[in-house]
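One structure is given here, and the rest of the page talks about it.
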There are 2 protein chains.
Amino acid sequence: MSVKQRVLLLGATGETGRSILNGLLESGNFEVEVLVRPASVQKPAVQKLQEQGIKIWSIDLDQSSELVTALTGIDTLISAIGPNDLLQQKKLLQSAKLAGVKRIVPCAFITVAPPQGAMRLRDEKEEVYNAIKFLGIPYTVIDVGFWYQISYPYLPSGKVDYAQIFPVKTIHGDGEAPNILTDLRDIGHFVARIIRDDRTLNKYIYTSGDVLSENEIFRIAKELSGEELEPIVESNERIKASVDQAKAALAQDPQDFMKLRGVYVADYNHSKYVRRDNTPEYADYLGYLNARELYPDFTPLSFRDFFVELLAGRGSKVYS
Amino acid sequence: MSVKQRVLLLGATGETGRSILNGLLESGNFEVEVLVRPASVQKPAVQKLQEQGIKIWSIDLDQSSELVTALTGIDTLISAIGPNDLLQQKKLLQSAKLAGVKRIVPCAFITVAPPQGAMRLRDEKEEVYNAIKFLGIPYTVIDVGFWYQISYPYLPSGKVDYAQIFPVKTIHGDGEAPNILTDLRDIGHFVARIIRDDRTLNKYIYTSGDVLSENEIFRIAKELSGEELEPIVESNERIKASVDQAKAALAQDPQDFMKLRGVYVADYNHSKYVRRDNTPEYADYLGYLNARELYPDFTPLSFRDFFVELLAGRGSKVYS
């Protein structure tokens, strides 16, 4: 009898999904299959998965009987769907329940934040979590804080330009807000542990490689690069104003996805730096487990080691 | 130095509030004060509290500076506000946070149910819980299941008419759905333990005296009374139809509180008997602690003993 757990992954070609897929394959404990929408099946990234020998299910999320077929025998359904499709996950839930899936990992994988009112992105995720609880399906919500890959400063020498999607020059408020951070590549390593662990059933859990303030991040970057950094300071008032501006812009054009992204970014800054939500203390308060406490055997990459790699030219650009 | 915990109770003259007040006073561990709205201060029930020597704060919930004064030095704020005023609790939260209240017990005290979509009453409570989490105030959500006092059948002899607000003749579905039940008078006994216990901070907890199906309740009633009971059976389909009817009636007249009550009652039946939410298993799934496990020293009244009392004429009518 095979003891490998069968996992179906949705969103396998996104940044988080790729990390999860790699983490699961590396661990050797899983038989991983991937769910894609018919419109995506010809994409090169999906073709590549197929070439790797990964089973691809191409199913429209409105085809519930086909979904039940794909989900039957699946132990864990993981969703790393993109932010614009979050509510689409609700279409999967009845099928997952009918198929007897043993655990759903809905698309969380963000910073720690309150369930309602602080971040629009989090509010939408809550709707999905509530739909899961309504059906009583076993679940695990996994949040990861912010990625190292989008948390390091621009260097005047241009040394890290090759890996940066936009130059980070700002420190928010007093720069002292601690933030839970995880290397994007470690998400999968954590997920591979979390979904084999009964302690995480029907629980929220956060991963972290480091918990650092912006001041600490800038100090590490300065020390390791030897460069002078002159951060721009953005006041709390300015951060709050940006949220209002982003919301106003979206209100004028509710279907514009870039404006929605604008709200997400502004919300993140407000939640991380003004409210200071993305901290171990607030995660404790909200009832999260701490993945570092559960898996002391696993040492994720530290921010310092990540930055050393980056300076050595071994980083890579996300969303590219 | 006094080691008595200072508690401020809102809704002290309602059924749940009275039980809590009695439980706290009996335990001797609390200095209990009561918050009433100015419109209620002349009510006989409030006057009676004053005669008992209980400190009464008469404050409009819109007067935040007065609320901060009342809440300063309060360890635990408990709300047992009525179902039509649930969202009023949000007015208290900023003041409670400013005053440094160490724990809020918002008005829960109902059956175990999912956070969204199964019961309108529960959905409104969720809005308050989320507002508490948004502010990061320490809290405990205490649910109690359904009360014995409204869970026992009508007897043909008329023996229990004196204590029954309406004759219970119905068994829902197959009558086998287990339900968490607590004697109304034991709510306060549980609360007095829960709010002195750090293990319940930022947690959900349910109390119970018994977990019984309607069939079991009817059997106990028959055995103890010696009377033949001929329950009317209401099908699951009929229960679902009642929810739709109640919602339609409310939609026609959204300000009619009796129609809102109609929705609450229909939702309860659907949640308790069709969905089977109000069970220890579902409570576990939702992350509730079990008060019976935390306080093995305390034995709440069993349903059987409650019914013996009732037959002996020592029951009393709720909401009277």
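The values are calculated or read from the model by the stated rules, or taken from the named source; none is laboratory data. Just so it is clear, the model here is predicted, and its values are computed rather than measured. Here the Cβ is made from the backbone with ideal geometry for all residues, glycine too, and neighbour counts use every protein chain on show. For the accessible areas, the whole protein counts, side chains as well, though only heavy atoms, and no ligand, DNA or RNA atoms are used. Shrake-Rupley method; radii C 1.70, N 1.55, O 1.52, S 1.80 Å.
Taking every residue in segment A:269-285 that is more than 13 Å from chain B (Cβ to nearest Cβ) and pairing it with any residue that is crowded, with 23+ Cβ neighbours inside 10 Å and among the aromatic types (Phe, Trp, Tyr), at least 6 positions away or on another chain, the pairs with Cβ-Cβ distances below 8 Å are A:Pro280/A:Tyr206. Among the candidates A:Asp85, A:Asp62, the residue that is farther than 15 Å from A:Val7 by Cα and assigned to a loop (DSSP other than H, G, I, E, B) is uniquely A:Asp62. The helices (runs of 4 or more DSSP H) found entirely in segment B:243-320 that carry 2 or more residues being aliphatic (A, V, I, L, M) are B:257-269, B:291-294, B:303-311. For segment B:15-36, a residue qualifies if it is of a type in the set (Gly, Ala, Ser) and open to solvent by 30 Å² or more (accessible area, probe 1.4 Å), and the qualifying residues are B:Ser27, B:Gly28. The set of residues in segment B:91-136 that are more than 13 Å from the chain's Cα centre (by Cα), more than 21 Å from A:Ala113 (Cα to Cα) and of a type in the set (Val, Ile, Thr) contains only B:Val101.
Can you name the residue in segment B:129-148 that is more than 11 Å from every other protein chain (Cβ to nearest Cβ) and closer than 21 Å to B:Val263 by Cβ and is also surrounded by the fewest Cβ atoms within 10 Å (Cβ to Cβ) among such residues? First the steps, then the outcome.
The initial filter retains those residues of segment B:129-148 that are more than 11 Å from every other protein chain (Cβ to nearest Cβ), namely B:140-148.
Remaining after also requiring closer than 21 Å to B:Val263 by Cβ: B:143-147.
Details: B:Asp143: 24, B:Val144: 27, B:Gly145: 26, B:Phe146: 17, B:Trp147: 22.
Looking at residues that are more than 11 Å from every other protein chain (Cβ to nearest Cβ) and closer than 21 Å to B:Val263 by Cβ, I get B:Phe146.
Scanning segment A:91-110 for residues that are in a helix (DSSP H, G or I) and within 14 Å of chain B (Cβ to nearest Cβ), we see that the one that is surrounded by the most Cβ atoms within 10 Å (Cβ to Cβ) is A:Leu93.
Right, B:Ile205: open to solvent by less than 30 Å² (accessible area, probe 1.4 Å) and touching a strand residue (DSSP E or B) at 6+ places or on another chain (Cβ under 8 Å) or not?
When the stated conditions are applied, B:Ile205 passes them.
Consider segment B:164-191 and keep the residues that are open to solvent by less than 10 Å² (accessible area, probe 1.4 Å) and more than 25 Å from B:Asn215 (Cβ to Cβ). The one that is farthest from the other protein chains (Cβ to nearest Cβ) is B:Gly188.
Considered as a group, the residues in segment A:149-163 that are part of a helix (DSSP H, G or I) and of a type in the set (A, V, I, L, M) include one that is farthest from the other protein chains (Cβ to nearest Cβ), and that residue is A:Ala163.
For segment A:181-224, name all the residues that are within 25 Å of A:Tyr319 (Cβ to Cβ) and of a type in the set (Lys, Arg). Matches in segment A:181-224: A:Arg185 only. (1) under 27 Å from A:Lys259 (Cβ atoms); (2) touching a residue at least 60 places away in the same chain (Cβ under 8 Å); (3) of a type in the set (A, V, I, L, M); (4) away from chain B (no Cβ under 14 Å): which one isn't true of A:Ala113, the others all being true? For A:Ala113, the failing item is (4).
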